[in-house]
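The values are calculated or read from the model by the stated rules, or taken from the named source; none is laboratory data. Model, not experiment: these values are computed from the prediction. Cβ: placed from backbone, ideal geometry, glycine included. Neighbour counts: every protein chain shown.
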Amino acid sequence: TPGIRPLVAGNWKMNGTGASLNELRMIGNGFLGGLDAETEALVCVPATLLTRASEILSRTPVKAGGQDCHVRESGAFTGCISAEMLKDAGASHVIVGHSECRADRGEEDAEVCAKASAAWRAGLTAIICIGESNEQRQRGQALDVLSQQIAGSVPNTATPANAIVAYEPIWAIGTGLTPTAADVAEAHAHIRARLTEKLGPVAAKMRILYGGSVKPSNAVELLGVENVDGALVGGASLKAADFLGIAEAYQ
Ligand code: PEP
């Protein structure tokens, strides 16, 4: 989209120990070594790696992020991690409302919305994920589902500086299946239109990422679609060569 700096964001999910930091080092060095400076890069690592990851990436243009946060700042929530803790550990961004969190933990739109606000309270940018299931797409409900998720998951105070929307059709995540370029164009245009209704003209500058089985071989096609302002990359972000290969779509 004209005037928007694209973002290539990785999501390591529940993958990675100290031994994986070498891949992260290679990702950081890859962006140092001359990938398009106009492209922003981020890797959302497991919280256990965040301190080490942000230290390694601090010498590179690549940022470190978290994958989820609690809505509260602190308290009796065993096993949970607040946005403030992610910020303290070196995160600049946090993913909220990933379909795996929505499905595995029964997270609903209102909670995702509260998590985005929690991210801002801590000074993080929220990457708000939305996307339809295969069943919803087959029934012709994909665009309606996106409308509902935007209405419920994106706070009214979202701005291009504090929020990024990621369109991730659930059936494309980790499956090797991808929508056609025409389907991606339709979904992203729909998302842009709903964001504009909700937020006004600033929505023209908000980044809308595509996510779901992005890899080097399909990145040029998917990331070249109108209203696609970058990618959220799961599996292919675990290998530096793949992640850098995707970012090269912008060269
Ligand atoms: C994701 O889970 O955010 C994702 C896009 O996964 P993958 O790239 O592995 O499909």
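Considering each residue of the range 166-181 in turn, none proves to be free of Cβ contacts under 8 Å to residues at least 12 places away in the same chain and part of a helix (DSSP H, G or I). If you check Gly174 against the conditions, is it buried (at least 17 other Cβ atoms within 10 Å of the Cβ), at positive phi and of a type outside the set (Asp, Glu)? Taking the combined requirement at face value, the residue does not satisfy it.
Which of the residues belonging to the range 2-26 are touching a strand residue (DSSP E or B) at 6+ places or on another chain (Cβ under 8 Å) and more than 21 Å from Gly174 (Cα to Cα)? Across the range 2-26, the qualifying residues are Arg5, Pro6.
Among the residues here, Ala231 does not qualify as at pLDDT below 95 and not polar (S, T, N, Q). Considering Ala231, Ala204, the condition of being within 10 Å of the ligand (Cβ to nearest atom), of a type in the set (A, V, I, L, M) and not in a loop (DSSP other than H, G, I, E, B) is satisfied by Ala231 alone. Comparison of Leu57, Leu42 shows that the only residue that is among the hydrophobic types (A, V, I, L, M, F, W, C) and over 19 Å from Asn162 (Cα atoms) is Leu57. Taking residues in the range 121-139 that are without any contact (Cβ under 8 Å) to a residue 12 or more places away in the chain, and partners anywhere that are in a helix (DSSP H, G or I), the pairs with Cβ atoms closer than 7 Å and at least 6 places apart or on different chains are Gln136/Ala142; Gln136/Val145.
Any residue at all in the range 14-21 that's under 20 Å from Ala241 (Cβ atoms), surrounded by 22 or more Cβ atoms within 10 Å (Cβ to Cβ) and in contact with a helix residue (DSSP H, G or I) (Cβ under 8 Å, 6 or more places away or on another chain)? Checking the range 14-21: not a single residue is under 20 Å from Ala241 (Cβ atoms), surrounded by 22 or more Cβ atoms within 10 Å (Cβ to Cβ) and in contact with a helix residue (DSSP H, G or I) (Cβ under 8 Å, 6 or more places away or on another chain).
Take the residues in the range 22-74 that are touching a Cys at 6+ places or on another chain (Cβ under 7 Å) and in a loop (DSSP other than H, G, I, E, B); name whichever of them is surrounded by the fewest Cβ atoms within 10 Å (Cβ to Cβ). Per the stated criteria, the residue is Asp68.
Could you go through the range 83-91 and let me know if any residue there is out of contact with any Pro (no Cβ under 8 Å at 6 or more places or on another chain), closer than 25 Å to Gly212 by Cα and touching a residue at least 60 places away in the same chain (Cβ under 8 Å). No; the residues of the range 83-91 include none that is out of contact with any Pro (no Cβ under 8 Å at 6 or more places or on another chain), closer than 25 Å to Gly212 by Cα and touching a residue at least 60 places away in the same chain (Cβ under 8 Å).
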